[in-house]
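The values are calculated or read from the model by the stated rules, or taken from the named source; none is laboratory data. Please read these numbers as outputs of a predicted model, since none were measured by experiment. Don't worry about glycine lacking a Cβ; one is built from the backbone with ideal geometry, like all the others, and counts go over all protein chains shown. These area figures cover heavy atoms from the full protein model, side chains too; ligands, DNA and RNA do not enter into them. Shrake-Rupley method; radii C 1.70, N 1.55, O 1.52, S 1.80 Å.
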Amino acid sequence: QVQLVESGGGLVQEGGSLRLSCTVSGLTFKSYTMGWFRQAPGKEREFVVAITWSVGNTYYQDSVKGRFTISRDNAKNTVYLQMNSLKPEDTALYYCAADLRGRGSRSVNSYEYWGQGTQVTVSS
């Protein structure tokens, strides 16, 4: 049984920081490209960032470049998202997702497994 469990969300003031974690079980983590997506109320789920399974290349949405950093620890089956300089427009439910040997796709349709999400709320 594959499980992706996000944690680390919460309420933070504008300019603050949060670190999200996603711990994976039930699959060979090192073979999966991992992505973070987010969905704000009334909006479609959107790509935030991905880190590939082999080389660890990273791909960021333009609006988070320089503020967010993705990393992974294959020994712990965990992917992290460090979010700094948070803005109210970053408020959303954040999901992690797994794509077998993926190339860092920005499409939700490319990812086979998803977590339940963790809420991030940034107050102004």
**Q.** Residue that is nearest to THR121 (Cα to Cα) [pool: residues in the stretch 76-105 that are open to solvent by 30 Å² or more (accessible area, probe 1.4 Å) and part of a strand (DSSP E or B)]
**A.** LEU93
Q. Which of (1) outside any loop (DSSP other than H, G, I, E, B); (2) without any contact (Cβ under 8 Å) to a residue 60 or more places away in the chain; (3) crowded, with 16+ Cβ neighbours inside 10 Å does TRP53 not meet, given it meets every other one?
A. (1)
Q.
Criterion first (at pLDDT 95 or above, open to solvent by 20 Å² or more (accessible area, probe 1.4 Å) and more than 16 Å from GLY8 (Cα to Cα)) does SER63 satisfy it?
A. yes
Q | Scan of the stretch 18-38 for residues that are open to solvent by 60 Å² or more (accessible area, probe 1.4 Å) and under 14 Å from VAL120 (Cα atoms), ordered by number | A | ARG19
Q: Return yes when THR121 is within 11 Å of the chain's Cα centre (by Cα) and either under 16 Å from GLY8 (Cβ atoms) or small (Gly, Ala, Ser) (or both) and no when it is not.
A: no
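Assess whether ASP73 counts as being over 14 Å from VAL12 (Cβ atoms) and open to solvent by less than 40 Å² (accessible area, probe 1.4 Å). Show your work before the answer.
Numbers: over 14 Å from VAL12 (Cβ atoms): yes; open to solvent by less than 40 Å² (accessible area, probe 1.4 Å): no.
Judged against the criteria, ASP73 is not a match.
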